[in-house]
Amino acid sequence: MFGYRVPAPDEAMLISGGRRGLGGAPFRVVTGHGKFVLPVFRKTRFLTLSMCEAEVTETCVTKQGIALHVRAVIAFKVGNDTESIINAGQRFLSDQDQMSVLTGRIFAGHLRAIIGSMTVEEIVTERQKLAAEVLDTSKVEMAKIGLIVDSLQIQSIDDGEVGYIEAMSAPHKAAIQRQAQIAQAQATQASVEAEQVAARNQAEYARQTAIVKAEYSAEVDRAQAQAAQAGPLAQAHAQQEVLAAQTELAQRAAKLRQQELVAEIVKPAEAEAERIKLLAIAEAERMKIQAEAAASYDRVALDRMLIDQLPLIVKEAAGGLAGANVNVLNGADGLGEIAAGLVAQGLTILDSVRQNLDGQNSDSRSEKTGGLLELQGYLRTPEAEKGTDAKKPDDGPVGLD
C-alpha cells in the first residue's frame, strides 16, 4: 500500500517530520511492525540493529614497561531499547560504518589503560580477566552512544623482538620437552616391552605347539602299540582264563579227594578211637567199682576184726593196770569212770584205724591186710600197753576231780 512502510527484523524505522519522538527526539522509532507514513510530509530512514564487528590492533606498555602488541576483536550492536536506538540514530544514522571505527578507538584507549596496570605474566595468563575489565570500563561510554558489547576477545599478545614472553615460556617449554622426552622414553620402553612380550608369547605358543604335537604323536604311538598288542594280549588273557579254570578244577578235585580220604580213613579211625576210649572208660569204671567193692569188703572185714579184738584191746589195757597202785577216791563211780575210759580208748583206736583206711582207698587189698596185721602186732606190744590213761604207782592216787 502506498505510504505504508515496514522495517526489517534487524532494523529500526526512524520517522521524522510531524510529531516528535519519545523524550523530545526529532524522530519516532518503529520496530517489529509497519507504519503508515504520509509521503512528502514524513521522511523515513532505517538504522541497522544487526551485529557489528570492530578489530583493535594496539601497542600497549605494561606495568613493567614492556611494549606488547595486542590484537582484539569486539562484537557489538545497537541496543534494542528505544533510548539506545535514539542515541545511535542521532550519531550514526547518516554514516553507520562509523560505529565500528568509533568502537575500535574507544576500546583501544581502554585496552591501553588496563594493560598499563598489569604485568606481562598477568596479561598472558589471565586474558579473560583483561577482557572483563575492558568491558566493564567501556560499558558506560558505549551506552551513551547507544551501543552494547556482546563480547571482547583478546586474539594475540606479542612482545616483538624483546623475547620476554618467550623467556617466560622457556621453563614451561623445558618442562614440556622433558615430559615429551619422558613420554617418548616411556613409549619406547613400552614398545620394547611389548615386543619382548610378543616374542615371549610367540616362544610360548611355539612351545605349547611342540608339546601338543608331541602329545599327539605319543598318543598315536600308544594307540598303534595297543593295536599291535591287542592280539597277543587277548590270547594271553584267554590262556590265563584257561589256567584259572584248570586251577579251580584242580582245587575242587583236591578238596573232593580230601573229603573222600576223610570219609575213608579219618572218620573210621576217629570212630575206632572213640570206641576204644569208651571201652577204656567202661573198663576204668568197672575197675573203680570193683576197687570200691573190695575196699568196702575190707572195711567190713576190718571192722569185724576190730570188734572181735576190742575185748582183747580192753583186756590188754586193763592188764596194764594190774600192777599199778590205783587209789579210788569215789568208790564205785570212780571204778566205772576208769572202765569207761578204757572202753573209750579202745574206740578211739578203732576210729583212727578206720580213718587211715579211708585215706588209702587207692591202695591194694594186700596193703590193707598188711596194715591190719601190723595193727594186731601193735596191740600186743608193750608200747600199746603203756598207751593207757592209767597212772603209775608213783603218779599218786587216781580219781575224779
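The values are calculated or read from the model by the stated rules, or taken from the named source; none is laboratory data. Since the structure is predicted, the reported quantities are computational estimates derived from the model, not experimental observations. Heads up, the Cβs are rebuilt from the backbone with ideal geometry, glycines too, and the neighbour counts pull from every protein chain shown. Accessible surface is based on the protein model in full, side chains and every heavy atom, while ligands, DNA and RNA are left aside. Shrake-Rupley method; radii C 1.70, N 1.55, O 1.52, S 1.80 Å.
Quickly rank 276-283, 62-69 as a protection proxy: mean count of other C-beta atoms within 10 Å, highest first.
Numbers: 276-283: 10.0, 62-69: 14.2.
Per-residue Cβ counts within 10 Å, averaged per peptide and sorted highest first, yield 62-69, 276-283.
How much accessible surface area, in Å² rounded to 10, belongs to the heavy atoms of T82 with a 1.4 Å probe?
60 Å²
Where the eigenvalues come from the Cα gyration tensor of segment 108-222, what are the semi-axes √(5λ) of the equivalent ellipsoid, largest first, in whole Å? Spell out each step's value before the answer.
On the way: eigenvalues 952, 81, 12 Å².
Rounded to whole Å, the semi-axes are 69, 20, 8.
Compute, for R71, the solvent-accessible surface of its heavy atoms (probe 1.4 Å) with the complete set of protein chains present, and express it in square angstrom to the nearest 10.
Its heavy atoms expose roughly 80 Å² to the probe.
Provide the gained length on full extension for the span A294 to L38, in nm with one decimal, where the gain is 0.36 nm per separating residue minus the Cα-Cα distance. Each step should come with its number before you reach the end.
Working: separation 256, 0.36 × 256 = 92.16 nm, distance 19.23 nm.
Length difference between fully extended and current span is 72.9 nm.
For segment 45-135, what does the accessible surface come to per residue with a 1.4 Å probe? Please give it in Å². Could you put the intermediate results ahead of the total?
Numbers: 4250 Å² over 91 residues.
Using a 1.4 Å probe on heavy atoms only, each residue of segment 45-135 averages 47 Å².
Heavy atoms only, 1.4 Å probe, whole protein assembly: order C60, C52 by accessible area, highest first.
Numbers: C60 0, C52 30 Å².
I get C52, C60, largest accessible area first.
Would you list V162, V78 from the most to the least accessible area, probe 1.4 Å? Let's see the in-between values first.
Details: V162 95, V78 0 Å².
Listed by decreasing accessible area, they come as V162, V78.
For segment 153-236, which GluC sites (Glu not before Pro) are both in a DSSP coil and crowded by at most 10 other Cβ atoms within 10 Å?
E161
Pairwise over distinct Cα atoms, reciprocal of the mean inverse distance: report the Kirkwood radius of segment 160-274 in Å, one decimal place. The partial results should precede the final answer.
On the way: mean 1/r = 0.0408 Å⁻¹.
Final number for the Kirkwood radius of segment 160-274 is 24.5 Å.
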